[in-house]
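Below is one structure; the comments refer to it alone.
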Amino acid sequence: DVKVTQSSRYLVKRTGEKVFLECVQDMDHENMFWYRQDPGLGLRLIYFSYDVKMKEKGDIPEGYSVSREKKERFSLILESASTNQTSMYLCASTLFLLAGGGNEQFFGPGTRLTVL
Amino acid sequence: RKEVEQDPGPFNVPEGATVAFNCTYSNSASQSFFWYRQDCRKEPKLLMSVYSSGNEDGRFTAQLNRASQYISLLIRDSKLSDSATYLCVVNPYNFNKFYFGSGTKLNVKP
């Protein structure tokens, strides 16, 4: 049974704190993603990684950084948390496939982060 | 303009009804298309991929119209358990990037 796990389901932090969100997948997938999901806006891509130590900015990378030191682990870092980063954060992974291969993404259960 | 647009709904239908959702996408070079289902406070899960020829999985039928740049999902004989938010997902020329619609909420009533 494939699995993507995230370190916390719920997290409350204060403005200015450094926040680490961890994601681990056990499927040996090359690609991993961090999204945030907000009402009415859907899932928006923050960063993705297509290999160890490789990363690319998504659509909303400002205020975030990432780390991928091992294939199975992808971390999202909020250097200085702000209230507008209160959101649901979802990690996903997918096996690299050629075009038309149907890249199913597997999601973790999400971390609901509240920044006070 | 958003990459992927969906009617947020909610669509309120009785059990047994047939319901259809559409989703439009802006990038004509998009390669792959998907419908995901998301239950309340849960993560999205793949419902079905959408192929050029259309595809069917039980009560669910997905269609792609490249000329008009939309995909559709048809649910026949709705069940209470179909109540969820349905997300349209498009994978453009960059294979490792996915664009999500904001979702269409379906409520199936007894």
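Which pairs break 20 Å Cα to Cα here: A:LYS3/A:LYS57; A:LYS13/A:LYS53; A:LYS3/B:LYS45? Don't skip to the end; give the middle numbers.
Values: A:LYS3/A:LYS57 24 Å; A:LYS13/A:LYS53 27 Å; A:LYS3/B:LYS45 12 Å.
Violating the 20 Å Cα-Cα cut-off are A:LYS3/A:LYS57; A:LYS13/A:LYS53.
Using Stokes-Einstein with the Kirkwood hydrodynamic radius over Cα pairs, what translational diffusion coefficient do you get for chain A at 20 °C and a viscosity of 1.002 mPa s, in µm²/s rounded to a whole number?
Working: Rh = 14.2 Å.
It diffuses with D of about 151 µm²/s by this estimate.
How big is the C-alpha Rg of chain B next to the rule-of-thumb value 2.2 N^0.38 Å, as a ratio?
Working: Rg = 13.4 Å, N = 110, 2.2 N^0.38 = 13.1 Å.
Taking N as the residue count of chain B, the ratio is 1.02.
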>> Tell me the Rg and the Dmax, in Å, that the Cα atoms of the protein assembly as shown produce.
In response: 17.6, 51
> Using 7 Å Cα-to-Cβ label points, what is the B:SER68/B:LYS109 separation (nm, one decimal)?
Replying inline: 2.8 nm
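What's the Kirkwood radius of region A:1-69 in Å, using all Cα pairs?
One decimal place: 13.5 Å for the Kirkwood radius.
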>> Residues of region A:36-55 with backbone nitrogen within less than 16 Å of a virtual label 7 Å along the Cα-to-Cβ line of A:ILE77, please, listed as ranges.
In response: A:47-49, A:53-55
>> Need one value: the accessible area of B:ILE75 in square angstrom, 1.4 angstrom probe, rounded to the nearest 10.
In response: 0 Å²
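The values are calculated or read from the model by the stated rules, or taken from the named source; none is laboratory data. Quick caveat, the model's predicted, so the values are computed rather than measured. Neighbour counts run over all protein chains shown; Cβ positions are idealised from the backbone, glycine included. Just so you know, the surface numbers come from the protein's heavy atoms only, side chains and all, with ligands and any DNA or RNA stripped out. Shrake-Rupley method; radii C 1.70, N 1.55, O 1.52, S 1.80 Å.
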